[in-house]
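So the structure is just underneath, and the comments pick up after that.
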Amino acid sequence: MAPLLEIKDLHAEIAGGRKIINGMNLTINPGEVHAIMGPNGAGKSTLSYVLSGKPGYEITGGEVLFRGVNLLELSPDERAAQGMFLCFQYPLEIPGVSNMAFLHTAVNSQRKKRGEVELTSPELVRKVRELGKTLGIDADMLKRPVNVGFSGGEKKRNETLQMMLLEPYLCVLDEADSGLDIDALKVVSNGVNALRSPERSMLVITHYQRLLDYIVPDVVHVFSAGRIVHSGGKELALELEATGYAQYQNEAA
Amino acid sequence: MAATVRPMKTGAELALAEIFSAARPALPGGPDIAAQRAAAFDTFADAGLPHRRVETWKYTDLRALMRDAKPLAPLPDADAKAQAATAGALLGGLGFRRLFLVNGTFVPELSDLTDLESGLSISSMADALAAPAGLPATYLGRTVSSSDAVLALNTALMGDGVVVHVAAGAVVARPIEMVFVTTGETAVATFTRSLVVLEEGASATFLETHEGPAGVAYQVNTALEMVVGAGASVERIKITTEGAEAVHLATMLARVETGARFANTFFTSGGSVVRNQLLVHLAGEGINAHMGGVSLLAGKQHADTMLSLDHAAPSCESRESFRAVLDGTAQDIFQGKIAVRQAAQKTDARMLSRALLLSETAESCNKPELEIFADDVQCGHGCTTGTLDQQIKFYLMARGIPAKEAEALLIQAFVGEVLDAVGPEGVRTALSEATRAWLLGRE
């Protein structure tokens, strides 16, 4: 079975010089859920941005293959059409663009790029409403401008809705639990778990073990100083919760 | 006494003087109108073409931008009429009552003058000027006072236009669209003047579109005077998509009476030099006035919106909202003046102009002015100039939306802040689509 994502000796820095990713290696097979845990400032969010193609980061070495394609050569929208989805830690507000129009444009842009038939408005509305129901997203939230005036929980549910609608191959969840209360965390986790399938993989980036009670990983990695310094099974998350990151930070140094 | 600046006459000014003296005998109107024309030309001749030292023209040096004066357009021939018949595509299919003005002349045979609603009458300005006691005799030049040189030039040389009267209480549901078209390969000048009078409690919607050939440096000077009677309701939308080399100078004067509703929106995407002057006099209490504008400019385009709003009576509410999207080395100017007179207590006026720069060489100038002589009022103004939010653009792209499409979505939303206030849904959609087409058609 070909891996879904292969990160090989990746080096990246912020435009201007500070090195953030420092010789990272990671292989994710289809269907696997990987968790990346690490202290603040380890470069976890940068990793998510480098994978999704955010401007402002410079790749100084290594390669990333996604579904056999050199990911680093693609623009963010091309990566999305290939099946990469970044669930933002802080989803942005887009005044003046209705949620439904945004979803419609996103879905059809991706379908168009893949040479698939675009969805008609009624088809999309039906699909969005069905998915919205499972996440507690009502018609009003779909009419409103994207994320404008949404609570932290509503924004994350909205991210989950986009993920469910776009059906990516790889979901990168960047601190998906930040700003969530327990109820919202359950709704979002249920949405993510509903997407688990033999073809779809997840990369869950988090500080805390708590999220991994809900989204149970196959593999847990410790990320420190820009690379993976230790890997283990789901029990590693519990161990980290008890001992902290200090020992691995030393290991990295 | 300050010395008056009497600059040397420019070529364009001298040519305009010749054009006026040659055209005078044939221009429509009786002795009173002829006297009005002569006085107006004197006003123009004294001031000359506006330049930087004229405060309201500070950013649009017409003396430099209008090097010559084009000859007056001849009456439209069959060719011109045939070309004009296909104009106005932007609002095509919306079923509006269309009135065609081709090269400055009202063309009844292209216009829809059938089944006029009860209380609605329409005539050509040339005919109305010639009539001894028509509406122009009562209102022309008497709606809002102004000594603007470009308006004076329009008064001196006005050839034709449209005169619309809506009787008291009449509700004209079907919007009236004035299609102004310039045709031909020779650069000409047109001077059109229109007059719209809505009596007490009347209601109507007006659209104006202005277009012409891309490669011809024609000149348009157009003016509209409007009287909005007590309790009347009017919306006017002016769409300027002139050819790339055209100079388009437009003035609107509106006098609004007690309890009326007045709305005016500009949409400008064409023309080399475009000036929209809007002078509004709120004469009675309890008026609701809404003024908006969108400019989409690229290349070397220069557009200047000059708003002068006079709150002369108490308890009126006004909103002024203008947006500009600028690419290339385009320049957009917004000068918005709100005067609140001493009698105009409880005025509520809010003005906001925002510009979005798509290139590093585009330029936006904002000059808000508030002159407040009453003490119990709410007045505010704001202006911003910025670029597209790159974080939001990345968010859209991360969902699969290509860069250009993402920009288009964001800019449509930016412009939507003004267009959402446009009444007729078909017009709103057409302008939003025109914005999108403009964005995607950019280089």
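Please work out if residue A:55 is within 14 Å of chain B (Cβ to nearest Cβ) and either more than 22 Å from residue B:411 (Cβ to Cβ) or surrounded by fewer than 16 Cβ atoms within 10 Å (Cβ to Cβ) (or both).
yes
Which condition from (1) within 14 Å of chain B (Cβ to nearest Cβ); (2) without any contact (Cβ under 8 Å) to a residue 24 or more places away in the chain; (3) out of contact with any helix residue (DSSP H, G or I) (no Cβ under 8 Å at 6 or more places or on another chain) is the one that residue A:126 breaks?
(1)
Quick one: would you say residue B:208 is closer than 30 Å to residue B:300 by Cβ and in contact with a Lys or Arg (Cβ under 8 Å, 6 or more places away or on another chain)?
Taking the combined requirement at face value, the residue satisfies it.
Need the failing condition index for residue B:84 against (1) part of a helix (DSSP H, G or I); (2) closer than 30 Å to residue B:14 by Cα; (3) out of contact with any His (no Cβ under 9 Å at 6 or more places or on another chain), just the number.
(2)
Does residue A:156 fit the bill of being touching a helix residue (DSSP H, G or I) at 6+ places or on another chain (Cβ under 7 Å), of a type in the set (Lys, Arg) and modelled with pLDDT under 95?
The answer is yes for residue A:156.
Just one of (1) part of a loop (DSSP other than H, G, I, E, B); (2) over 17 Å from residue A:163 (Cα atoms) trips up residue A:91, so point out which.
The failed condition is (2).
Kindly establish whether residue B:433 is among the acidic types (Asp, Glu), crowded, with 18+ Cβ neighbours inside 10 Å and within 14 Å of another protein chain (Cβ to nearest Cβ).
no
Is it the case, given these coordinates, that residue B:407 is out of contact with any Asp or Glu (no Cβ under 8 Å at 6 or more places or on another chain), under 18 Å from residue B:88 (Cβ atoms) and within 14 Å of chain A (Cβ to nearest Cβ)?
no
Tell me which residues, restricted to the stretch A:62-115, are aromatic (Phe, Trp, Tyr) and more than 10 Å from chain B (Cβ to nearest Cβ).
A:66
Restricted to the stretch B:78-89, and to residues that are surrounded by 20 or more Cβ atoms within 10 Å (Cβ to Cβ) and closer than 24 Å to residue B:438 by Cα, which residue is nearest to the chain's Cα centre (by Cα)?
B:88
Looking at B:362, B:421, B:398, which is the one that is within 26 Å of the chain's Cα centre (by Cα) and within 14 Å of chain A (Cβ to nearest Cβ)?
None of the others qualify; the one that does is B:421.
Anything in the stretch B:288-306 that is surrounded by fewer than 24 Cβ atoms within 10 Å (Cβ to Cβ) and in a loop (DSSP other than H, G, I, E, B)? List them, or say none.
Scanning the stretch B:288-306 gives B:298, B:299, B:300.
Can you tell me how many residues within the stretch B:6-30 are closer than 13 Å to residue B:156 by Cα and without any contact (Cβ under 8 Å) to a residue 12 or more places away in the chain?
5
Residues to consider are A:197, A:201, A:231, A:224; find the one that is out of contact with any helix residue (DSSP H, G or I) (no Cβ under 8 Å at 6 or more places or on another chain) and buried (at least 22 other Cβ atoms within 10 Å of the Cβ).
Testing whether each residue is out of contact with any helix residue (DSSP H, G or I) (no Cβ under 8 Å at 6 or more places or on another chain) and buried (at least 22 other Cβ atoms within 10 Å of the Cβ) leaves just A:201.
With the checklist (1) exposed (fewer than 12 other Cβ atoms within 10 Å of the Cβ); (2) among the aliphatic types (A, V, I, L, M); (3) over 30 Å from residue B:241 (Cβ atoms) in hand, flag the one item residue B:64 doesn't pass.
It fails just one condition, (3).
The values are calculated or read from the model by the stated rules, or taken from the named source; none is laboratory data. Since this is a predicted model, take the numbers as computed values, not measurements. We place every Cβ from the backbone using ideal geometry, glycine too, and count neighbours over all the protein chains shown.
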